[in-house]
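Remarks on the structure that follows.
No lab work stands behind these numbers, since they all come straight from the coordinates. Quantities reported herein were computed from a predicted structural model and do not represent experimental measurements. Every residue, glycine as well, gets a Cβ built from its backbone with ideal geometry; the counts of neighbours run over all protein chains shown.
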Amino acid sequence: MPLVGFIPARDGRQCIVYHDGSAYSASRILGLKESDLEENFYTILRNREDDLRDPGAEALIRTNVDRYLPPIPEIMSLRDFFAFEEHVRNARKTRGENVPPEWYNFPVFYFSNHNSVIGSKQEMHYPRYTKELDYEMELAFIIGKEGKNITADSYEEYIAGVTIANDWSARDVQRAETRIGLGPAKGKDFATSLGPFMLTAGDLSSLKVSRGKYDIDLSGIVNGKTYGSSNMKDIHFDLGEIIERASDEVTLRAGDVIMTGTFGNGCILEMRSQGVSWLNRGDEVRIESSRIGALTNRVI
């Protein structure tokens, strides 16, 4: 299945296809200039996805890949939803609260900082203003085609693919912000990780179990220890409902990123009652999927 990503190159970056444990140059496979591939990225993926499935040896990248850039050419915007009931229930329980009935009315989201996105194996700098750093394991769906007022049943037409996301969170700052009735802002502003690869739309469809729900597993692993695992099949608001809400009277554009929100058992906040500590400098956080790969960052 085509897993597409970007790596640093001497003259900027290079689009790759990851196949059977090796990286291949997407531009060589397709016979295109790197600049043309980036400029027409989503159209090329739609029209030539099958060409990426069986790369030849001439396109093999023979140097070691030691870090990845976010797996799309440019992130236009970043919306993060709140779509897993288990996460909401677990997080509210830590404050002695239940899921608010309003949560079930429609999927809600906030805008995060699309200019602070990092890739896999890049370092994540611990913000100086927090003492409660957390990770959040999520999926991020990439919009590949412009659309407005998209119906829940037609969302697939607008999806280019999916990648793994880590929505880093400063919990003490986030807690203070949301008490005021606005935010999160600085509690999320400093970093979001995406990658290492995007699973393209054609193969994403093979994982579909019902409208807007996919058999995609995620596990959160800190310093080699698994903290929690879940599957997108368990999402409450499906991707169709999420895209419908995001595009309501708003035009979504290619390169917009739509994050699902935290999976159940997908962050330290949900495990604080079990004595799990917040993240520290030196910790390695790995969000792993058997379908997409592993998004890895070390906190420094």
Segment 127-194 to segment 86-125: how many Å between their Cα centroids?
7
Consider all pairwise Cα distances in segment 243-300 and report the whole-number % of them above 17 Å.
62
Please work out the Cα center distance from segment 212-253 to segment 1-70, rounded to the nearest Å.
25
Give the angle, between 0 and 90 degrees and rounded to the nearest 10, that separates the Cα long axis of helix 171-180 from the longest principal axis of the Cα atoms of the chain.
70
Using Cα springs under 10 Å in a Gaussian network model of the chain, which residue among 151, 262, 63 shows the largest mean-square fluctuation?
63
Mind sorting 284, 102 by how few other Cβ atoms lie within 10 Å of their own Cβ, fewest first?
102, 284
Dividing the alpha-carbon radius of gyration of segment 1-138 by 2.2 N^0.38 Å, where N counts its residues, gives 1.38
As a test of the definition: which semi-axes, in Å, follow for segment 190-243 when you take the square root of five times each eigenvalue of its alpha carbon gyration tensor? Largest first, please.
23, 14, 13
Amide H neighbours of residue 19 under 5 Å, at least 5 residues apart or on other chains, H built in the peptide plane: list them.
24
Find the Cα radius of gyration of segment 77-298, compare it with 2.2 N^0.38 Å by division, and give the number to two decimals.
0.95
Mind grabbing the base-10 log of I(q)/I(0) for segment 3-59 at q = 0.16, 0.20, 0.30 Å⁻¹? Debye formula, identical points on the C-alpha positions, no solvent, two decimal places.
-0.42, -0.68, -1.48
Please go through segment 92-190 and write out the chymotrypsin sites (Phe, Trp or Tyr not before Pro) that DSSP classes as loop and that have at most 14 other C-beta atoms within 10 Å.
129
Please list, by residue number, every one of the trypsin sites (Lys or Arg not before Pro) in segment 78-152 that is coil in DSSP and has at most 13 other beta-carbon atoms within 10 Å.
95, 128, 131
Run the simple label-point estimate for residue 123 and residue 36 please: 7 Å along Cα→C-beta, distance reported in nm.
3.9
